[in-house]
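J.: This structure is in structure tokens; I'll ask about it shortly.
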Amino acid sequence: MNILILGATGFIGSAIARKLVDDGHRVTGLGRDPARAKTKMPELRWIKADLAGMTASGHWRGALEGQDVVVNCAGALQHGLSDDLVATQEEAMLALYEAARDRGLRLVVQISADTESAGRDLAFLATKRRADAALASSGLPFVILRPALVLGRNAHGGSALLRALAALPFAIPLFHAEKPVATVALDDVAGAVGAAVSGELPVGSDLALASGESLTLKDLVLAHRRWLGLSPAAVIALPPPLARPISWFADLAGMLGWRSPLRSTAMTVMSGGIGSGSRLSGLPLSGASKTLAAAPSGVQDLWFARLYLLKPLIVVALSLFWLLSGLVPFFAFDAARGHFATFLPGPMASVATIAACLADIALGVAVLIRPSAKRALIGMLLLTCGYLLAATAAEPALWADPLGPLVKVLPSMLLTLAALAILDER
């Protein structure tokens, strides 16, 4: 069959795409930035599109042409610079259902969530609930699947945070440590979609995907620590009110385009535990223990886990470094201007000083904004190289200065390269 997968570049969507291709289907992936996915999965046909801009039925005409099945794996945890939550999870879906009614689709498979859990009125769950209800009443043949916390060989979002917490040294601070967390293997989610497409799951099914394994958040984090091969560590249960400032900063990062799993939506859902409030699928599903045991960790997993929480600190540190390097010279302008005055006439030296300061400030701000972060990091490297070359030509004695103004720049370049190396999220 011809199958269109929405969100095919994501953690769940890419696994489902692999499964359906292996089952012999002709798969088309839709994503906002499929350039890398084209290289990794050339057997798929790819459509570059943003669901947030597909909120009218006419927008779906080309994407649905010739398709038999649509699998929706797209979603957004919270509104922010990188995500329009309502448009992606509700408005685009309503437009899709309207367009699909005239296309004779055999099936729509919706990857949803337990929308009756804690925080049911949050936009994340409310939009999913309304989209699910609209699908159920649309007259289209459908299957709705509601996975618990999805674990796989790779990690993203909440599963990535689990690994990062598990790799903390000495002790592991946790909010909601004793809350239950139901899990399901990524391969089992893909298998359930395959079963829906093949007709093994009845049309109209609305099923939870959760293993029967009973774990708390504390159990799950410690299981990941053992999987990473690290020695035991104590878990420190933190009072929930302390989570608010962390979520506030995570929400702020979300408004700048960063998709932190510590945002307030995730923390609210976690406050009630992650369970399976819907009817269970009856499929044989693997729990966390079996999922982790099936894919022993390697050193790359340990590196990822240790770097995950360092990544925002590295970005903030670079931002502060460049902001301060741009602001401080204004408080000692003559001294800063003096470096340019060694090879530029007076007025030009002042202009060059101001221009350099503004460039530093601009890079310090741009690196905090996710869509511009990569360009900002590259700009930092190029501008630093320019500063070093100019300083070497004009004042080579600075290399031997006891305070090391030029030598100290080299570690910042390495930190910038490290930020570039770990910038990608999936």
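The values are calculated or read from the model by the stated rules, or taken from the named source; none is laboratory data. Treat the numbers as computed from the prediction; the structure is a model and nothing was measured. Methodologically, a virtual Cβ is constructed for each residue, glycine included, from the backbone with ideal geometry; neighbour enumeration extends over all protein chains shown. Just the protein is used for accessible areas: all its heavy atoms, side chains included, with ligands, DNA and RNA removed. Shrake-Rupley method; radii C 1.70, N 1.55, O 1.52, S 1.80 Å.
J.: Measuring with a 1.4 Å probe in the full set of protein chains, what accessible area per residue, in whole Å², belongs to region 111-211?
T.: Roughly 34 Å² per residue, with all protein chains present.
J.: Given DSSP loops and a limit of at most 16 other Cβ atoms within 10 Å, what is the longest stretch of the chain that contains no such GluC sites (Glu not before Pro)?
T.: By the stated rule (loop sites, at most 16 other Cβ atoms within 10 Å), 201-424.
J.: Which FRET efficiency, nearest 0.05, do Arg45 and Asp424 yield, Cβ-Cβ r, R0 25 Å?
T.: After rounding, the FRET efficiency stands at 0.60.
J.: Here is a follow-up. Under a cut-off of 19 Å between alpha-carbon atoms, report the lysines in cross-link reach of Lys179, not counting same-chain residues fewer than 8 places apart.
T.: Lys218
J.: When the Karplus curve 6.51 cos²θ - 1.76 cosθ + 1.60 is applied with θ = phi - 60°, which whole-Hz ³J(HN,Hα) does each residue of region 236-250 get, with x for Gly and Pro?
T.: Per-residue couplings from phi come out as 9, 7, 9, x, x, x, 5, 6, 4, x, 5, 5, 4, 5, 5 Hz.
J.: Now, a different point. Lys374: which lysines have alpha carbons under 18 Å from its alpha carbon, excluding same-chain residues fewer than 8 sequence positions away?
T.: Cα-Cα hits under 18 Å: Lys311.
J.: Amide H to amide H under 5 Å from Val235: which residues, 5+ apart in sequence or cross-chain, H placed 1.01 Å off N in plane?
T.: Residues meeting the criterion, in which the H sits 1.01 Å from N, are Ile172.
J.: Note the angle between two axes, namely the Cα long axis of helix 217-227 and the longest principal axis of the Cα atoms of the chain, as a number of degrees from 0 to 90, rounded to the nearest 10.
T.: 70 degrees
J.: Just want to confirm a number: the relative contact order over the chain, from Cα pairs under 8 angstrom separated by 6+ residues, in percent.
T.: Over the chain, the number comes to 14 percent.
J.: A further question on this structure: What does the charge count around Tyr97 come to, taking other residues whose C-beta lies under 13 Å from its C-beta (Lys +1, Arg +1, Asp -1, Glu -1)?
T.: With Lys, Arg at +1 and Asp, Glu at -1, the neighbours total -2.
J.: Can you give me the long-range amide H partners of Trp46? Hydrogens built in the peptide plane at 1.01 Å from N, cutoff under 5 Å, separation of 5 or more residues or another chain.
T.: Amide H to amide H, under 5 Å and 5 or more residues apart or across chains, Trp46 pairs with Gly29.
J.: Tell me, what HN-Hα J-couplings in whole Hz come from the Karplus equation 6.51 cos²θ - 1.76 cosθ + 1.60 at θ = phi - 60° for each residue of region 94-100, using x for Gly and Pro?
T.: With coefficients 6.51, -1.76 and 1.60, one gets 4, 5, 4, 4, 5, 5, 6 Hz.
J.: Now, a different point. Please enumerate, by chain and number, the lysines with C-alpha under 28 Å from the C-alpha of Lys19, excluding those fewer than 8 residues away in the same chain.
T.: Lys38, Lys40, Lys48, Lys128, Lys290
J.: Please report, to one decimal in angstroms, the Kirkwood hydrodynamic radius of region 203-285 built from all distinct Cα-Cα pairs.
T.: 15.7 Å
J.: Taking amide H positions as placed in the peptide plane 1.01 Å from N, state which residues far from Arg263 in sequence (5 or more) or on other chains have amide H under 5 Å from it.
T.: none
J.: Now a separate question. Out of all DSSP beta bridges with both ends in the chain, state the antiparallel percent to the nearest 5.
T.: For the chain, the DSSP antiparallel bridge percentage is about 5.
J.: If I model a spin label as a point 7 Å beyond the Cα along the Cα-Cβ vector, how far apart are those points for Ala390 and Arg36 in nm?
T.: With each label point 7 Å from Cα toward Cβ, the separation is 3.3 nm.
J.: Return the sequence-ordered ³J(HN,Hα) values of region 307-322 in whole Hz as given by the Karplus equation 6.51 cos²θ - 1.76 cosθ + 1.60 applied to θ = phi - 60°, using x for Gly and Pro.
T.: Listing the rounded values in order: 8, 4, 7, 6, 4, x, 5, 5, 5, 5, 4, 5, 4, 5, 4, 6 Hz.
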